[in-house]
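Here the structure is laid out as structure tokens; the discussion comes afterwards.
Read the figures in this text as sums done on the coordinates, not as results from a lab. All values reported here derive from a predicted model rather than from experimental measurement. In this analysis, Cβ positions are derived from the backbone assuming ideal geometry, glycine residues included, and neighbour counts consider all displayed protein chains.
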């Protein structure tokens with residue numbers, strides 16, 4: 001059982017002991033701290049909330065809504081929704097903030113409160129620290145009976161989100177409709193079952209839906225990694241589809257399967273989307289330190305500059321604003337298009353990829369073949385009993401000959417590839433990512449750094 005409090009929100013497992021898990025007491029306390037932060041700013045006392053299809057979602061939503069209303073904050077409830085849809089809705093509703101109830105790729109026993117500011121973006125690190133301090137202090141002020149917040153449910157925002165995507169100048173709606181793409185969609189029994197077909201049908205696609213009941217019983221591990229997408233791969237081939245689409249439970253990550261059942265690679269979702277956008281709107285790009293080098297290569301080919309940020313959507317967005325990036329995101333399948341909003345959005349990623357296919361006339365596998373081949377290994381080690389800071393400091397000396405970046409953990413950039421070690425923001429683990437020009441080299445780098453860590457621990 002786990003409860004993680006971070007600058008971007010609160011995440012934990014349902015049930016168990018208060019203070020150690022995401023229990024009702026903890027949900028109320030965390031929501032109240034966010035509400036107190038909101039009330040301390042000169043912003044409308046109004047919050048947009050939404051949730052993915054987790055079985056705990058309705059209960060958590062009621063707790064969040066009641067707590068905000070008790071503080072005199074009005075609540076606009078989108079119900080079953082997606083993270084990018086809530087992000088879009090916040091400024092449209094002139095709200096002071098938003099809360100999306102989702103634990104993203106975590107299994108169904110988890111849930112979380114993702115905290116948004118008045119722009120529909122994740123709150124900053126500074127604001128996150130303020131919320132954490134308010135939670136620690138517990139000095140919460142509630143409204144009297146004459147000033148309780150109101151509550152309203154609003155439907156239709158997923159459709160509005162879809163319409164905003166279709167209005168983007170480089171989404172080639174007519175060309176996509178002309179191709180009549182057949183698409184297999186796996187939304188892992190969450191709200192992607194509502195949002196992804198709505199977009200695809202608006203684009204004239206034939207949709208084959210698997211695991212399409214938004215009931216929160218995830219049909220497989222909800223993280224859209226190749227090992228979890230075997231059913232999708234099989235169905236793409238069986239249905240003779242043009243491609244397969246997988247999204248995580250809150251629809252901010254996008255993974256693709258090619259027409260032959262092969263994996264497009266979640267790292268290449270952003271690469272392909274960026275390649276297409278840069279053809280229409282040249283400029284800079286941003287991805288995090290754990291993302292593939294391929295985005296840098298593509299950006300340079302288009303005459304732009306690529307910049308790397310610390311891991312985390314808020315960090316990517318900050319770097320995008322600093323550099324005027326026209327597109328950015330994270331290598332986990334997260335595409336951020338500022339022309340729509342500053343948030344990872346699987347729906348806009350789908351529209352961009354389909355536009356790239358329609359424009360080029362290529363199959364998805366042929367599109368993938370255009371990009372440089374890098375191979376990534378993603379691993380992790382448990383934090384328990386480890387002094388991570390000491391390990392990273394020791395590795396800095398071990399790899400003093402390499403190009404080192406300590407923006408977020410430690411990234412070791414070598415001629416044959418790179419290694420990135422960092423504490424996870426969402427799980428009690430250290431992530432170890434490596435990338436090189438071959439699977440063997442990527443595996444070798446991962447084994448090498450694990451061996452180095454073991455040597456340190458034996459000292």
Inset, instruction - From the P(r) of the range 75-234, can you give the percent of Cα pairs sitting at distances over 18 Å? - result: 69
Legend entry - the chain: mean projected area of Cα convex hull, nm²: 21.3
Inset, instruction - Quick one: go through the range 32-76 and flag any residue whose amide nitrogen is under 16 Å from the point 7 Å out along the Cα-to-Cβ line of residue 139. - result: 33-41
Inset, instruction - Report, in cubic angstrom per residue, the convex hull volume of the C-alpha atoms of the range 161-369. - result: 102
Inset, instruction - Report, in whole Å, the centroid distance computed from the Cα atoms of the range 393-426 and the range 433-452. - result: 13
Legend entry - Mean-position separation - Cα centroids, the range 157-203 and the range 257-293, in angstrom: 19
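Of all DSSP beta bridges in the chain, what percent run antiparallel (nearest 5)?
Working: 46 of 75 bridges.
The answer is about 60 percent antiparallel.
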Inset, instruction - Note down the relative contact order for the range 375-458 as a percent, whole number, built from C-alpha pairs under 8 angstrom at least six residues apart. - result: 34
Inset, instruction - Measure out, as a whole number of angstrom, how far apart the alpha-carbon centroids of the range 88-118 and the range 27-51 sit. - result: 11
Legend entry - D (Stokes-Einstein, µm²/s), Kirkwood Cα radius, the range 333-459, 0.890 mPa s at 25 °C: 144
Legend entry - Inverse of mean 1/r across different Cα pairs in the range 3-155, Kirkwood, Å: 14.9
Legend entry - Relative contact order %, the range 3-155, counting alpha carbon pairs below 8 Å whose residues are six or more apart: 32
